[in-house]
1. Using the Cβ atoms and a cut-off under 9 Å, what net charge is assigned to the surroundings of Leu780, where Lys and Arg are +1 and Asp and Glu are -1?
2. Pairs to check: Lys896/Lys935; Lys368/Lys961; Lys239/Lys297. Give those whose C-alpha atoms are more than 24 Å from each other in this structure.
3. What's the carbon and sulfur percent of the range 188-293's accessible surface, probe 1.4 angstrom, rounded to a whole number?
4. Could you tell me the center-to-center distance, by alpha carbons, between the range 726-745 and the range 557-576 in angstrom?
5. Could you give the dipole magnitude of the range 275-426 about its Cα centre, charging the beta-carbon of Lys and Arg +1 and that of Asp and Glu -1, in debye to the nearest 20?
6. Considering only protein heavy atoms, what per residue accessible area in square angstrom results for the range 299-391 with a 1.4 angstrom probe?
7. Working from the pairwise distances between different alpha carbons, so that the mean of 1/r is found and then inverted, what is the range 228-269's Kirkwood radius in Å?
8. Give me the lysines in straight-line cross-link reach of Lys99: C-alpha distance below 20 Å, same-chain residues under 8 apart excluded.
Amino acid sequence: MRKALERQLKGVAPEKAEHLVGRLLRLPADRAFLLVEMGLSLTTASVRAAAEFVRVAPEVGMLLEPEELKVWGEVGRRLAGVNPESAIAFFQASPPVLKAIPLRLRRALLLTIHRQSLISSTVALDGFQRAPEVLQRIGDEDLAARVYVIAGEIARRSATQSAEFLGRAPELIARLHDRRERQPRARDLSEGAGAARRLLERALALTALFAEKAGGLATEFLSAFARLPVAARLEDQLKLLDHTHAFLERGGGIALQYFQVATRVLALAGADGLARWTDLTWKIALQDNAAVYNFLKLTPRVLEALVQAHGPAAPSLISRVLEVVRQVSDRSVTLGIECFRSSPRALASATVEQFVRWARSGLTLYPKDSRRAQAYYALETQASQQALRHMAGGITLDRVSQTLRLYIQGMTGRSVTIRPLNHLPDQMSVNDGQTIYLPATIAEFGEEEADFKLYKVLAAHAAGQLEFGTYARDLPELIAFARELRRTPSSGDEASASEPVTFSTILALLPDRELAERLFTTFENGRIDFLLRHHYRGLRRDLDFVRQRMRERRPPLEELSPADLIVEVLFRLALLGGVAEEVRHRLPHLVTLLENILGQFIRRVDATVVDSLRATHLVLQLLKGQSAVRDAETTSEQPAAEEPRAEAEPEMGEQPVHPRVLTERRPRPTDRIEPFNFWIRRHRDSEHVEWEQMEESPFAEELEAQELEPGDQAFYYEEWDHELADFRTAWCRVIERPARRGARQFVQAVRAQYGPMISSIRYQFQLLRPEALQKVRGELDGEEFDLQAVIDYALDRQTSGRVSERLYVRRLRRQRDVAVSFLLDMSSSTARTVSPRPSRAGASRPSKRIIDIEKEGLVLMSEALEAVGDRYAIQGFTSEGRHNVKFYIIKDFDEKHSPEVEARIGGITYQNNTRLGAAIRHATARLMRQEARTKLLIVLSDGRPYDHDYGDARYAREDTKIALRQARMAGVIPFCITIDRESEVQLRDMYGEVGYTIIDDVLSLPERLPSIYRRLTR
């Protein structure tokens, strides 16, 4: 042994070598021989590392057992093989590190470092050097031992994730200790420090299982456990860990997601709701991991929507919802998930009992048709929504829309279109000035007559918003107020604003957007109510009736948070005629303040939407100063025995929240029963939420909705499903946006190419212009006699005696009253290049892309329509799934032909797919807003509709056919021009009910388009 050591220490000073040999030989023989063997093996990798090993080996040999020494030496050998400097650093650090580590922890530490060294020498060395710090931060040998066992298990898969766990575990454990110590004193002695310790050990045991099953997910699980609410009962937390352990058998990812969602469910729905939800989740997991993943992802949004809408009653309501969803899931997991997904929308207009009856009835309606049943539970079809409305009772908009339309027309002299809320545009400030949106059903008062009166009042308010400028754009006062809030120089304000300034623009500039919307809605409703009473006295009876009924249904002020209380008092003052004397006595300063604001801004005949916005801004400033909140807080009474909300500890990873903010986040009971605020809703509203589709959806290639760009407007349209024989309501989102500019040279080149033809077309179309005055013969009265009629009169009198008194000529003014919309297919299939047919004259024409040929046709049509004077619009469309049907405005009806329009025509290019039905519906809706006797829709397409999520070709054809039928029934004359001769049978089936033509020679489209138009409008 001595000779072997001397060979290993060759080059070391003799005195030092002799000293090291003596120290090694004083060790027990088994350890000495083991260390010598390790040292000899190290010399093959690095002599310097071997020398450092021998230097520390006697000291380390006294600290470790033989098995531990083997692991320690193996770590050094692996480090030396990768980087000798790392091995030297490891050996140098070994004595102080091992001395700082208790005996029982050394083996776990070395095994962890050994596994890390197999993957990363850097991570292993760093983890070894930091070990004393980790132990000190944990502060408990038992817990530290568990942590290193878990880290070693994670290191089997990833050294980095193992190091991450060691870095975060001490902090998480310290937080858990701190939170348990600060937890309010438990009523049950079993929930003391011992129970908290047991819970922590149980969590670490489950973390170890996560490490074994899923590696680095153990860190995420422990982090999620540290975020458990402090107030959660020990029993509930232990059950939660048991359930997570069970789900771990389905996979680490599913188990982690279950735990993260379950903690939220426990907070929102309580222990009973968690038990029901877990039972349902397990049932889904047994059938399909993909389905349970979607269900877990869906759960927080659904439950939070229910809590926000139903407040304190939400936990019991959630239990009822989960119960009926479980019953539906017994038939089909997919149907159960769809039922759960649609529950917030259903419960927005129905009671929980009505929802339960609706859900159960679906099981009997479609026992064998799974696709129809899925659409039913997803509330996608008109039949499903009508069934829910039938369960909910009340009165439906379908029944009274015509009556309400006549009622509004008689009241204001204005013709309006009434549509349900599911057609409300995404942007709440968007309104065309002719459409009002009302709830699809009302069952507010439980009496048909009373609910109809509420419909009349809501319709009057909606019409009042149109008449009194709620949706006004770019008013000088609005622009000035926006500039004031932005605090920017006036010179650059308009230049930087790319969108029109509306009330939505102002609200976006105010602090606390949600509260600002609630205040503005109340002020604006109060302004409209005041103006309606002033201008239309006949409305007062219905307004007073609804006011009295609403007054009876207001929530107790004691149940409201400070911010909610201020909104409620404002509502009573603005719309209900005032507050009771008791409220005035309890809140004198608040009531006086709000009355003064209403008198100053709202109760004036000349008040505008800007006054409502300024009143909102003023109240927000007062709230910021807490002068009104302090008054309101005096009404909030808390039992003395309860722990105040302000002392609740924020969850891990969150910033501490001010007590007042916590109070203001309480559910608002007024939202559920308030029917006046529907018009302010934004696209996040439950009526508009386009829920993420399940993988089981028949539309397998579902694409996510794209973000709207500045200036975009989004509209929702139904789509016909021929298999369901029903409309999927609010199914397609059409994004209307201005077309991009291109080069004007394209239009100029077309004019140069078709110069003689354009002159001829303009001349022919000018002949279509009506004369200023036209003679009408055979009239009973007129400016002059009709000579031929007088002669016939004289002859008839002498012969038969039967004469006609129509002897006069009148000159009447005749006008050509036509509005035409050109709808251009901009799908990628129009990028195809077509070659010209051989010409008899031998002249050849160049090949062109279909999209360029269509653009040439539009240029020629523009020249023709400018000559005849018809109003026209040019629009293009393309699509990327039902959420992203893009509708480009190239030229609008009220826009003059200009260089800007020519640049947009030049910028037309091909893009994606052809969702024709949605584009036709939107073009029809825009055309219906035009005051014209003849309304014509001309569709230019290269063939059949197609989109990723159409499902099949027949679905696309049937929806397009129904869209064209709807246009014709609305008084629009649709005409389709296509070039796909190969699919003539399908085209005849799709376009057969309306006019269409197939152009064989696509290059002749520019010449033929004007003649087709002239024939249609003759």
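1. In short, -2.
2. Lys368/Lys961
3. Carbon with sulfur: 52 percent of the solvent-accessible area.
4. A separation of 42 Å, based on Cα centres.
5. Dipole of the range 275-426, to the nearest 20 debye: 280 debye.
6. Result: 37 Å² per residue.
7. Hydrodynamic radius (Kirkwood, Cα only) of the range 228-269 equals 10.4 Å.
8. Result set, ordered by chain and number: Lys70.
The values are calculated or read from the model by the stated rules, or taken from the named source; none is laboratory data. Every value quoted in this text rests on a predicted model; they were computed, and no experiment measured them. FYI the Cβ positions are ideal-geometry reconstructions off the backbone, even for glycines, and counts take in every protein chain you see. The area values use the complete protein model at the heavy-atom level, side chains included, leaving out ligands, DNA and RNA. Shrake-Rupley method; radii C 1.70, N 1.55, O 1.52, S 1.80 Å.
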